[in-house]
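Comments concern the structure below.
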Amino acid sequence: MKFSKLKKTVESFLCDSLKGRVELHAAVYRHAHDQPSRVWLTFDKKQLFSAEDLTFTIQHYTREQQLKENLQLKSIPYSDNWQEMFNSPERQALLQVSDRAEQELLDNNIIASWHLYQMLLNYPHLSIDEALASNSPYIRAFALFDRRVGKRRLLNINQPHHPLEIMFFQIRKEVENM
């Protein structure tokens with residue numbers, strides 16, 4: 001889906017008091033290697049958060065290298081049989097470290113644009129209950145801006161714990177005069 005259509009779809013879920021005040025933006029750096037991109041959300045022209053490919057990639061590599069050093073992992077041993085290399089325990093350990101580094105970054109609010117893009121693609125297909133109960137703090141935070149969350153439901157929501165959700169919750173309460 002083109003970003004312009006995704007932007008229009010996602011922004012159509014905003015409550016009336018936030019329409020025109022919250023905007024989704026994207027930039028693709030076409031002349032850079034691999035065309036990295038950046039997606040960000042603004043409220044009254046002030047950036048709320050950003051998902052950047054370059055930042056994510058650099059920090060992922062750095063964290064992955066730290067974990068490999070700490071765990072003293074070995075490189076994949078060379079073999080003429082590629083299946084042997086592919087199924088080696090060393091490769092499996094390296095994949096686990098990469099996954100762990102990625103999860104740590106996601107937990108620390110450092111995400112790549114493709115992570116956010118995937119979440120936003122799925123958002124229109126979620127019920128508001130599913131969105132509010134999502135594992136993703138980004139989905140839960142955006143759900144607080146959703147028109148399907150009325151004032152009564154907003155009052156019944158427990159104080160969120162994730163910093164992004166707290167910020168979105170405070171903004172929504174402020175614009176609803178609560």
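Numbers at a glance
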read-out: Exclusive hit being under 23 Å from residue 170 (Cβ atoms) and among the acidic types (Asp, Glu), set 107, 99; value: 107
read-out: Test for residue 116: is it open to solvent by less than 30 Å² (accessible area, probe 1.4 Å), in contact with a Pro (Cβ under 8 Å, 6 or more places away or on another chain), among the aliphatic types (A, V, I, L, M) and in a helix (DSSP H, G or I); value: no
read-out: Residues of the stretch 28-51 satisfying the condition of being of a type in the set (Gly, Ala, Ser) and either open to solvent by 80 Å² or more (accessible area, probe 1.4 Å) or at pLDDT below 85 (or both); value: 32, 37
read-out: Odd one out for residue 101 among (1) surrounded by 12 or more Cβ atoms within 10 Å (Cβ to Cβ); (2) at pLDDT 90 or above; (3) more than 19 Å from the chain's Cα centre (by Cα); value: (3)
read-out: Residue match in the stretch 4-17 (condition: of a type outside the set (Asp, Glu), surrounded by fewer than 11 Cβ atoms within 10 Å (Cβ to Cβ) and farther than 22 Å from residue 121 by Cβ); value: no
read-out: Subset of the stretch 130-160 (residues that are assigned to a helix (DSSP H, G or I) and either β-branched (Val, Ile, Thr) or open to solvent by less than 90 Å² (accessible area, probe 1.4 Å) (or both)); value: 131, 132, 137, 138, 139, 140, 141, 142, 143, 153, 154
read-out: Evaluation of residue 124 against (1) at pLDDT 90 or above; (2) surrounded by 19 or more Cβ atoms within 10 Å (Cβ to Cβ); (3) touching a helix residue (DSSP H, G or I) at 6+ places or on another chain (Cβ under 6 Å) (one fails), failing number; value: (2)
read-out: Hey, residue 74 open to solvent by 90 Å² or more (accessible area, probe 1.4 Å), closer than 25 Å to residue 104 by Cα and assigned to a loop (DSSP other than H, G, I, E, B) or not; value: yes
read-out: Failed criterion for residue 107 (all others in (1) at pLDDT 90 or above; (2) open to solvent by 20 Å² or more (accessible area, probe 1.4 Å); (3) of a type outside the set (Gly, Ala, Ser) hold); value: (1)
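The values are calculated or read from the model by the stated rules, or taken from the named source; none is laboratory data. All values derive from a computational prediction rather than experimental measurement. Note that each Cβ is placed from the backbone with ideal geometry, even for glycine, and that neighbours are counted across all protein chains shown. Side chains included, ligands, DNA and RNA excluded: accessible areas come from the protein's heavy atoms. Shrake-Rupley method; radii C 1.70, N 1.55, O 1.52, S 1.80 Å.
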